[in-house]
Amino acid sequence: MTWLLVLLAAVAAVLLLPPLRRVLLTRSIFAVYKKLLPAMSQTEKEALEAGTVWWEGELFSGTPNWQKLLDYPQPKLTAAEQSFLDNECEALCAMVSDWDTTQVHHDLAPEAWNYVKENGFLGMIIPRRYGGLEFSAYAHSAVVQKLSTHCSAAAVSVMVPNSLGPAELLLHYGTEEQKNHYLPRLAKGLEIPAFALTNPHAGSDAASIPDTGIVCKGMWQGKEVVGMRGTWDKRYITLGPICTILGLAFRLHDPQNLLGKRGDKSSDDLGITCALVPTDHPGVNIGRRHFPLNAAFQNGPNSGKDVFMPLDWIIGGPAMAGQGWRMLMECLAAGRAISLPSSNTGMAKLAVRATGGYARVRSQFKTAIGRFEGIEEPLARMGGNTYMMDAARTMTAGAIDLGEKPSVVSAIVKYHVTERARQVVNDAMDILGGKGICLGPNNFMGRAYQQIPVAITVEGANILTRSLIIFGQGAIRSHPYVLTEMAAARNPDAAQGLRDFDKALFSHLWFIWTRGFRSWSMAFTGSNFGAAPAGVAPETRRYYQQLTRFSAAFAFLADVSMFVMGGDLKRKEKLSARLGDILSLLYLCSATLKRYEAEGRQAADAPLLHWAVWDAMFKMQNAFEGVISNYPNRFIAALLHWYIFPLGRPYEVPSDLLGHEVAKLLIEPSATRDRLTEGMYVPRDEMDAVGVIELALEATLAAEPIEARLRAAEKAGRVGAGDAATMLRHAQEAGILSAAEVAVVLRRNVLRDKAIAVDDFAQDFSAERAGAPKALRRAA
């Protein structure tokens, strides 16, 4: 026993006395760690350090502070922002349509472009002192969302100048002279901006762009000056074919060291640089267009060869030469967190409202199709997914307004909102059937279905985002200790690096142990003793407890995976993707719970909440299982399974009964349906594809009880058989229905026929080729 106590004391001395521990233990570990740590390029380092860590840091901690989440202020529109949505946005929507932009103009109509420019749509993020609207991120999101519910070309044309582009970069890095010259012109629509990053040989791997600028002397305005001679080849550039000012990213080289920035470096590569290039400058080639899946927004290639440019065209001036990648990474998070999540949430709201209404108006076998269980299933997915998408959009835009630049969160919402939008649109198309596949002005979903892959592809392709970015960046950026350990290993002061590494390492080891125990104990007790924030809705309390369990399990699994696989985890893209799924679903559930509280715990909305969270937790469980089942070390896998699921898998898919409750909410007017689709463009116009469904839905609900009486009279033999018009006439003559009631049913029939009508055209589509403003519509 004495010797055992001596041994324990010796171990304790090593572990608890940092100076002794560093000499006997940490120094050797530190040396191995530095050898195993993969080299990191400057662009990788800048990407990792860009942005801020927000709520995802709490989720990585394994003990999320739910009260902190609920205390984040809910974003709200100012009176001016709300007025802009209610007036200018409504007016723009009324001027455009997906059919006219894609089939007639192949762009926004000239009058629509003028309206966009004159009313400040291109300057929403520009401060008022420069003539812009100075809208919040939440207002910017709301504008993009509303336009996306009606016309994709309008949404994209407004969205791009207000996300990653010249205005955003100028605001953060431009010289005062650049700001004073360009920002007022951008705000007034006197300049059309575009930003050119993607090269044919550098798409997802944007940091490897081969486009170059060579620092040299040349003639500018009659004088020899030091400038840059640029050569580039870009593609997929939105607004590129019509832009007047091109934000250009290229790699700047200074072979003669004319800028004096090379120092002791042997390489002449100063790094990626961003410049503003007027497109009327000699040598700049723009104008040709891509044709992205019948979308009408302007998008195309541009190029230049040996184009001489003065140094003061660099954004931020010569001092910012070589700083372009950092600039892009710091600005990308905000733009990516707003643009695609907003546009795809708008698309989902369009699908939910219009398809839900259609499913009540359209009848087969004398029953509204929305009442069939086969239709209820996709309707439930549409409602639950849209509720969660809008929650994530709102919470993330609110984070931007709080001053955050959440790079990991922006990747989460970009990937998961666009993927859910794809599911929502596909479900809508399945329900619409033949109406969905026949294009024309009466088809509200066809163009969205065609163009959904565009959102999946741009601003970081979804496969890349899921496999490499969400967990790959999140594990380093959001983890409480990993970035500190990496920084310690790269510290030129070896002694200080060892001290920092020692402190972080043993804090990290304690973190793993506590999160592992927490994961197991909460799983073993069914999370019943987990903490939930005080005062939350009773119906959501268990969700907070269960999500805390999953947060602890995720923190434990992520750390064990990093220790077991080390740098190989980066190459295990399938495992990394599933770990990213867990983090993402934790974030989406957090946003959904926050939404329910912020909106006043609307009891009628509870089915949407329950379906969304339950579905996400089931998918989270599957992601855990997917990691463990494919773990390269089977012994560790067995231990992980015992730690995380000691009593088996507790979660199932949302029940059919719950799905039935969600589907009912989508097929009849209600405050819940309005909240679910809040912010979309809903015209009350029989000649509009969505407007006629709204009117037909109201008429259908008014006609249903009248038709029920008519069917009862028919069964009783009081009304003879015949077509609908004949039966109505007989019912009125027999005093069963009043003239007013007959008029209600007849009006419903007219609106129903318009709502379910499918467009048809001349045999050779000649009217469309001639540029007819509207296709002929004929009610079925």
Practice task
Leaving out ligands and nucleic acids, note down the accessible area per residue over segment 681-752 with a 1.4 angstrom probe, in whole Å².
Solution key: 50
Completion exercise
Straight-line reach check, LYS715, cutoff 29 Å on alpha carbons, 8 or more apart in-chain or any other chain, hits among lysines -> LYS366, LYS664
Exercise for the section: Per residue of segment 68-82, in order, report the coupling 6.51 cos²θ - 1.76 cosθ + 1.60 (Karplus, θ = phi - 60°) as ³J(HN,Hα) in whole Hz, putting x for Gly and Pro. Expected result: 4, 4, 5, 7, 4, x, 6, x, 9, 7, 6, 4, 5, 5, 5
Practice task
Just read off the accessible area of LEU609 with the full protein assembly in place, 1.4 Å probe, to the nearest 10 Å².
Solution key: 0
Fill in the blank from the handout: Rounded to one decimal in nm, the spacing of the 7 Å Cα→Cβ label points at SER507 and ARG27 is 2.4
Problem - Residues in segment 362-390 that a label on ALA537 would reach, taking backbone N under 17 Å of a point 7 Å out along Cα→Cβ - result: 383-390
Completion exercise
With Cα coordinates, the longest principal axis of the chain makes an angle with the long axis of helix 573-598, in degrees rounded to 10, of 60
Fill in the blank from the handout: In whole Hz, the Karplus estimates of ³J(HN,Hα) for segment 717-730 (6.51, -1.76, 1.60; θ = phi - 60°; x where Gly or Pro) are x, 7, 10, x, 6, x, 6, 4, 5, 5, 4, 5, 5, 5
Exercise for the section: Name the residues whose placed amide hydrogens come within less than 5 Å of the amide hydrogen of ILE192, ignoring near sequence neighbours (fewer than 5 apart) on the same chain. Expected result: THR244, ILE245
Practice task
May I ask which of LYS435/LYS594; LYS34/LYS234; LYS45/LYS261; LYS146/LYS179; LYS503/LYS572 have a Cα-Cα span longer than 27 Å here?
Solution key: LYS435/LYS594; LYS34/LYS234; LYS146/LYS179; LYS503/LYS572
Practice task
Based solely on C-alpha atoms, express the radius of gyration and the Dmax of segment 211-283 in angstrom.
Solution key: 13.8, 43
Practice task
Working from Cα positions, state the angle (0 to 90°, nearest 10) between the long axis of helix 176-187 and the longest principal axis of the chain.
Solution key: 10
Completion exercise
Between the Cα axis of helix 541-565 and the main Cα principal axis of the chain, the angle (0 to 90°, nearest 10) is 40
Exercise for the section: Would you mind getting me the FRET efficiency between SER204 and ALA724? Use the beta-carbon distance for r and R0 = 51 Å, nearest 0.05. Expected result: 0.35
Practice task
Select from GLN74, LEU468, THR149 the residue farthest towards the positive end of the dipole of the chain; place +1 on Cβ of Lys and Arg, -1 on Cβ of Asp and Glu, and compute about the Cα centre.
Solution key: LEU468
Fill in the blank from the handout: The lysines whose Cα lies under 22 Å from the Cα of LYS223, excluding any fewer than 8 residues away in the same chain, are LYS305
Completion exercise
Residues whose built amide H sits under 5 Å from the amide H of VAL758, excluding neighbours closer than 5 in sequence, are ALA780
Fill in the blank from the handout: Rounded to one decimal in nm, the spacing of the 7 Å Cα→Cβ label points at ASP268 and ALA762 is 6.2
Practice task
Give the accessible surface of segment 257-328 per residue, rounded to a whole number of Å², with probe radius 1.4 Å and ligands, DNA and RNA excluded.
Solution key: 43
Problem - Length-normalised contact order of the chain in % [C-alpha pairs under 8 Å, at least 6 apart] - result: 15
Problem - Whole-Hz couplings from phi, Karplus 6.51/-1.76/1.60, listed for segment 753-764; x for Gly and Pro - result: 5, 5, 5, 9, 5, 10, 5, 9, 9, 4, 4, 9
Problem - Restricting segment 336-378 to trypsin sites (Lys or Arg not before Pro) in coil, as DSSP defines it, with at most 15 other Cβ within 10 Å - result: LYS366
Problem - Solvent-accessible area per residue, Å², over segment 360-417 with all protein chains present [probe radius 1.4 Å] - result: 31
Fill in the blank from the handout: Ranked output for segments 143-149, 743-749, 27-33, 98-104 by mean other Cβ atoms within 10 Å, highest leading, reads 143-149, 98-104, 743-749, 27-33
Practice task
For ARG709 and GLU678, compute 0.36 nm times the residue count separating them, minus their Cα-Cα distance, and round to one decimal in nm.
Solution key: 7.6 nm
Practice task
Return the long-range amide H neighbours of GLY271 (sequence gap of 5 or more, or a different chain), with a cut-off of under 5 Å between placed amide H atoms.
Solution key: LEU252
Fill in the blank from the handout: If each K or R counts +1 and each D or E counts -1, the residues other than GLU625 whose Cβ falls under 14 Å of its Cβ total +2
Problem - Accessible area of segment 106-204 belonging to carbon and sulfur atoms, whole % at 1.4 Å probe - result: 48
Completion exercise
Under a 1.4 Å probe, counting only protein heavy atoms, TYR138 has an accessible area in Å², nearest 10, of 40
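Report the charge-dipole magnitude of segment 305-356 in Debye, nearest 20, computed about the Cα centre from +1 at each Lys and Arg Cβ and -1 at each Asp and Glu Cβ.
380
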Fill in the blank from the handout: Farthest towards the positive end of the dipole of segment 516-615, among PHE517, TYR587, TYR544 and with Cβ unit charges of +1 on Lys and Arg and -1 on Asp and Glu, lies the Cα of PHE517
Problem - Accessible surface of segment 334-489 [probe 1.4 Å, protein heavy atoms]: carbon and sulfur percent - result: 54
Problem - Simple label model, 7 Å out from Cα along Cβ direction - GLU111 to THR212, nm - result: 5.1
Exercise for the section: Assuming R0 = 25 Å, can you tell me the calculated FRET efficiency for the pair ASP401 and GLU599, based on Cβ-Cβ distance, to the nearest 0.05? Expected result: 0.85
Practice task
Among (i) 81, 26, 23; (ii) 50, 39, 19; (iii) 64, 28, 22, find the value of semi-axes √(5λ) of the Cα gyration tensor in Å that was calculated from the structure presented, and write down its label.
Solution key: (ii)
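The values are calculated or read from the model by the stated rules, or taken from the named source; none is laboratory data. Only a predicted model underlies this, so the values are computations on that prediction, with no experimental measurement involved. Every residue, glycine as well, gets a Cβ built from its backbone with ideal geometry; the counts of neighbours run over all protein chains shown. With ligands, DNA and RNA removed, areas are computed over all heavy atoms of the protein, side chains included. Shrake-Rupley method; radii C 1.70, N 1.55, O 1.52, S 1.80 Å.
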